[in-house]
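Below is one structure; the comments refer to it alone.
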Amino acid sequence: MGLAGSGAAEPFVAGQPPRALQYFRRGINLGNRLESKPDEGAWGGKVEEGDLRLIAQRGFDHVRIPVWFSGHASETSPFALDETFLARVDHVLDLAAAEGLAVVLVLHGYYELEADVAAHTPRLLGIWRQLSERLRARPESVAFELFNEPPQKMQSTWNGLAAQLIAAVRETNPQRLIVVDSTSWADTTTLGSLQLPNDANIAVAVHPYEPKLFSFQGKTWGDPSWQTSGVIFPGPPPMPIVPHPAAQANATAAQWFTQYNTLDAAQNPSGPRTVTAQVERVKAYRDASGRAVMNTEWGPQDGGDITSRANLIRSMREQCEAASIPWTIWEDPNNMRLYDSTTGIWEEELLSALLE
């Protein structure tokens, strides 16, 4: 069923989830592909013809597709999106539909807006108006995630910007499922600051990557304190480890490693209690606000050992499912490597943790 048309949004009823949420239970991201800069493939991965079939065959019901739309739009009004790039996005959406996969389409990588929200708001609105018009006939199983991970510095501007974006989408898609991230990079601790309009077809997204000192260990693209390697899940390690100097210089990270080296598994910060704390915050927000919630990005990247990664994946997946929270694990060919597009081979231990 397409969602073309105009009209008022359906009024919000607390505790009543959007109808389209039924299509989103277990999903996987197609990361570092269509959001690659300057073009798809620049970061080592493309959406291959067989990817969507491979994902559907293993039991996932949806994909999340991060897209760098702002890199393919004019700098001046009406901020026209490149037709060739849009045709490529259309093709990927068609591939997903052919395999019976729902889609969360997310605008990713607009870092210029983060630096100057007021200056870039007209452009972002123009981009979403074009996308909404182009995709208005897509079925309700295609959701729009408006802006990936608004950072902490957007705390004071995000509610106003999100309201404008929602209104722009509603001009042509009055019932489309819209996904709105919490601030501080979709953290679970900032859910309470969201202020959403009276609209039934909105879900709130979080990205619960904690414990980040395990999940992102050894990754040079993020916080310097992540550089300690050999972190396991759950802790403690068989022998205490010495944190990287950057972690020792960071008071929060240094305290984390002290606890990691000394506390038993039940209390360890690299353990299930950290997962539980994030899931409980999401549940508390859902109960208090009546809003639907989704976990649209999460997962330990490939710096950790396979067994530890599987342990965290299983813990998060089981707790989300017990709480009826839809999940979409992060996947990319550079840092996550859940499967190989060229061979069709999965990391079976990680896949088992996700689906069994």
Problem - Failed item in (1) surrounded by fewer than 22 Cβ atoms within 10 Å (Cβ to Cβ); (2) basic (K, R); (3) in contact with a strand residue (DSSP E or B) (Cβ under 7 Å, 6 or more places away or on another chain), with R134 passing the rest - result: (3)
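If the requirement is being touching a residue at least 24 places away in the same chain (Cβ under 8 Å), under 20 Å from E297 (Cα atoms) and not in a helix (DSSP H, G or I), which of these qualifies: V13, V63? Don't jump to the end; show me each part of the working.
Values: V13 fails: under 20 Å from E297 (Cα atoms).
Criteria check complete, one pass: V63.
Mind checking which residues of the stretch 142-171 are among the polar types (S, T, N, Q) and surrounded by fewer than 20 Cβ atoms within 10 Å (Cβ to Cβ)?
From the stretch 142-171, those among the polar types (S, T, N, Q) are 148, 152, 155-157, 159, 164; that's our starting set.
Q152, Q155, S156, T157, N159, Q164, listed by residue number.
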Practice task
All but one of (1) at negative phi; (2) at pLDDT 95 or above hold for G290, so report the exception by its number.
Solution key: (1)
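Scan S77, S36, S70 and give me the residue that is touching a residue at least 24 places away in the same chain (Cβ under 8 Å), in a loop (DSSP other than H, G, I, E, B) and in contact with a Phe, Trp or Tyr (Cβ under 6 Å, 6 or more places away or on another chain).
Matching residue, one of S77, S36, S70: S36.
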Practice task
Examine the stretch 106-118 for a residue that is without any contact (Cβ under 8 Å) to a residue 40 or more places away in the chain, within 27 Å of H62 (Cα to Cα) and out of contact with any Asp or Glu (no Cβ under 9 Å at 6 or more places or on another chain), and state whether such a residue exists.
Solution key: yes
Problem - Filter result (more than 23 Å from W226 (Cβ to Cβ) and among the charged types (D, E, K, R)) within the stretch 323-348 - result: D340, E348
Handout entry: So N334, is it outside the structural domain of V104 (by TED's automatic domain parsing), assigned to a loop (DSSP other than H, G, I, E, B) and either surrounded by 14 or more Cβ atoms within 10 Å (Cβ to Cβ) or under 21 Å from the mean Cα position of the chain (by Cα) (or both)
Key = no
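Which one of these is over 30 Å from A353 (Cα atoms), buried (at least 18 other Cβ atoms within 10 Å of the Cβ) and modelled with pLDDT of 95 or more: V89, V47, V63?
Working: V47 fails: over 30 Å from A353 (Cα atoms); V63 fails: over 30 Å from A353 (Cα atoms).
Exactly one residue qualifies, and that residue is V89.
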Exercise for the section: Kindly provide the set of residues from the stretch 144-165 that are in a loop (DSSP other than H, G, I, E, B) and either among the acidic types (D, E) or outside the structural domain of I202 (by TED's automatic domain parsing) (or both), ordered by number. Expected result: E149
Problem - Members of the stretch 192-218 that are within 15 Å of the chain's Cα centre (by Cα) and over 22 Å from G271 (Cα atoms) - result: A203, V204, A205
Exercise for the section: Filter the stretch 260-280 for residues that are over 21 Å from Q248 (Cβ atoms), touching a residue at least 12 places away in the same chain (Cβ under 8 Å), hydrophobic (A, V, I, L, M, F, W, C) and part of a loop (DSSP other than H, G, I, E, B) and give the result. Expected result: A265
Exercise for the section: Report whether or not T189 is within 24 Å of G71 (Cα to Cα), surrounded by fewer than 21 Cβ atoms within 10 Å (Cβ to Cβ) and of a type in the set (S, T, N, Q). Expected result: no
Fill in the blank from the handout: Q301 fails exactly one of (1) under 25 Å from A14 (Cβ atoms); (2) assigned to a loop (DSSP other than H, G, I, E, B), namely (1)
Handout entry: Test result for A102, crowded, with 16+ Cβ neighbours inside 10 Å, among the small types (G, A, S) and farther than 21 Å from A205 by Cα
Key = no
Exercise for the section: Starting from the stretch 329-345, keep only residues that are at positive phi and of a type outside the set (G, A, S), then list their pairs with residues that are modelled with pLDDT under 95 and in a strand (DSSP E or B) whose Cβ atoms are within a distance under 9 Å, requiring at least 6 positions of separation or different chains. Expected result: none
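Tell me the residue from S315, S324, S341 that is modelled with pLDDT under 95 and not charged (D, E, K, R), please.
Working: S315 fails: modelled with pLDDT under 95; S324 fails: modelled with pLDDT under 95.
Answer to the selection: S341.
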Problem - Matching option when the condition is surrounded by 18 or more Cβ atoms within 10 Å (Cβ to Cβ) and in contact with a Pro (Cβ under 9 Å, 6 or more places away or on another chain), among T296, T262, T328 - result: T296
Problem - Q57, sole failed condition from (1) surrounded by 15 or more Cβ atoms within 10 Å (Cβ to Cβ); (2) of a type outside the set (G, A, S); (3) touching an Asp or Glu at 6+ places or on another chain (Cβ under 9 Å) - result: (1)
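The values are calculated or read from the model by the stated rules, or taken from the named source; none is laboratory data. Treat the numbers as computed from the prediction; the structure is a model and nothing was measured. FYI the Cβ positions are ideal-geometry reconstructions off the backbone, even for glycines, and counts take in every protein chain you see.
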